[in-house]
């Protein structure tokens, strides 16, 4: 593979800059892919255009994992469409509204659901966002805040728990790195030992709790929350939510409708089928295969497909049996829900295409190459964290980042006697951070979709928070870790620093406080 050097940064940076400037993610991504295809086709515009469509957009769909995720997204939309049409979304809203009497309780429920659905980040974002959206709307919580809590918990949790769809991938790249160096050590136990060094992921989860408990925000998120509390507008006026009106309109049918159990039952089916499916698909039925190994070896895209269709069938059958919807209404509702995911599917296809372009141009190899040289060992963890976060930001893929950086990070740490566990933890958690910051990240896109918020509104409000946590993770986590300081010391220090930042820079978003501010003005 040729290494195109500095010019290899052009496609992802062009896509990101255009997305920030124009707020039109699809066009920005397409132009980013096209610019890369143009470089690879020796600047022949016709060949570049054809390559954009054939090799990258169509090529990304030819991948069975990507195709499975697209169908999963559509079928989850379909299931939610049926639940909505049968009055389930209203039932959930009415039930939780009775329990979540305060904004703080509502956000705590959202955070808790995000942590409990730990087994997969895609399933996490879609279930939590769609379930909590009507409730947070009623409580006058901005969609930006909802998408922040949904996005922050999903990948942060899935990447650090010992049983999730991330395991095989993360353990696999560690194992490859060890084998190449002849290191006789268990990749799985190394993965587990690296968990305390996932400073960004752990601190991000705690930071969200600090924001919720203190009821304080800063930066663009404060503006969004101020707007939602004082005007009741949970969406910025003039914004373009990531789902269409099919899922935006919460419906309650005349006569019989779903109760709270009916509404949650299809979602419960999705969770149960996902957990069982990961175990079964990963060979868990064999007596010598542990649950952790089975979860790690499973093909998550296939299992999520099973789960989403099982949930959709369950919702449809419930609506038919209860006489709420007839067969044609069930099908119509499923199609309406699936249609609402169209924008998200197009962005996902283009985001994957950008990943293919950056791979062919050698973007990440070029960036990691900058690190190589005579570096002091103690700097390796923090530098790996910064460079991995930047790569994840530019290519929009946490897994892509880990796959490219880890084979270079392990020998880098090994050869210059840098602490290995912080180096591995730095790459794995930085990939999550870069993902949280990037407008072309698939999980960021799915969080915007599930929360029905304007994608760039979600990115611009979340970015200062992700960067804040990232800076604390770098300075108070990875820098001391390079000197051998234990996470038992650095993690509590990081939490205290984050709390102080929120107290000093945050402004109250409690309704009574905002009313006082409004009256003062």
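Filter the stretch 164-206 for residues that are in a loop (DSSP other than H, G, I, E, B) and either closer than 21 Å to residue 397 by Cα or modelled with pLDDT of 75 or more (or both) and give the result.
164, 165, 166, 182, 183, 184, 185, 198
Only one residue in 197, 213 is under 30 Å from residue 422 (Cβ atoms) and surrounded by 24 or more Cβ atoms within 10 Å (Cβ to Cβ). Which one?
197
In this structure, does residue 303 turn out to be surrounded by 19 or more Cβ atoms within 10 Å (Cβ to Cβ), in contact with a helix residue (DSSP H, G or I) (Cβ under 8 Å, 6 or more places away or on another chain), part of a helix (DSSP H, G or I) and modelled with pLDDT under 85?
Answer is yes for this residue.
Go through the stretch 256-282 and count every residue that is farther than 16 Å from residue 311 by Cα, in contact (Cβ under 8 Å) with a residue 24 or more places away in the chain and surrounded by fewer than 18 Cβ atoms within 10 Å (Cβ to Cβ).
2
Looking only at the stretch 75-113, count every residue that is modelled with pLDDT of 85 or more and within 21 Å of residue 148 (Cβ to Cβ) and tell me the total.
Within the stretch 75-113, residues that are modelled with pLDDT of 85 or more and within 21 Å of residue 148 (Cβ to Cβ) number 11.
Could you pull out the residue among 502, 472 that is modelled with pLDDT of 95 or more, in a helix (DSSP H, G or I) and touching a strand residue (DSSP E or B) at 6+ places or on another chain (Cβ under 6 Å)?
Among 502, 472, only 502 is modelled with pLDDT of 95 or more, in a helix (DSSP H, G or I) and touching a strand residue (DSSP E or B) at 6+ places or on another chain (Cβ under 6 Å).
Looking at the stretch 482-499 only, could you name the residues that are at pLDDT below 95 and part of a helix (DSSP H, G or I)?
482
With the checklist (1) surrounded by 15 or more Cβ atoms within 10 Å (Cβ to Cβ); (2) modelled with pLDDT of 75 or more; (3) closer than 28 Å to residue 341 by Cα in hand, flag the one item residue 252 doesn't pass.
Going through the list (1) surrounded by 15 or more Cβ atoms within 10 Å (Cβ to Cβ); (2) modelled with pLDDT of 75 or more; (3) closer than 28 Å to residue 341 by Cα, residue 252 breaks only (2).
Scan the stretch 381-399 and tell me whether some residue there is modelled with pLDDT under 80 and surrounded by fewer than 24 Cβ atoms within 10 Å (Cβ to Cβ).
Within the stretch 381-399 (the criterion being modelled with pLDDT under 80 and surrounded by fewer than 24 Cβ atoms within 10 Å (Cβ to Cβ)), the answer is yes, since at least one residue qualifies.
Going through 357, 343 one at a time, which residue ends up being touching a residue at least 60 places away in the same chain (Cβ under 8 Å), assigned to a helix (DSSP H, G or I) and surrounded by fewer than 21 Cβ atoms within 10 Å (Cβ to Cβ)?
Just a single option satisfies the conditions, and that option is 343.
The values are calculated or read from the model by the stated rules, or taken from the named source; none is laboratory data. Bear in mind the structure is a predicted one, so any value in this text is a computation, not a measurement. Heads up, the Cβs are rebuilt from the backbone with ideal geometry, glycines too, and the neighbour counts pull from every protein chain shown.
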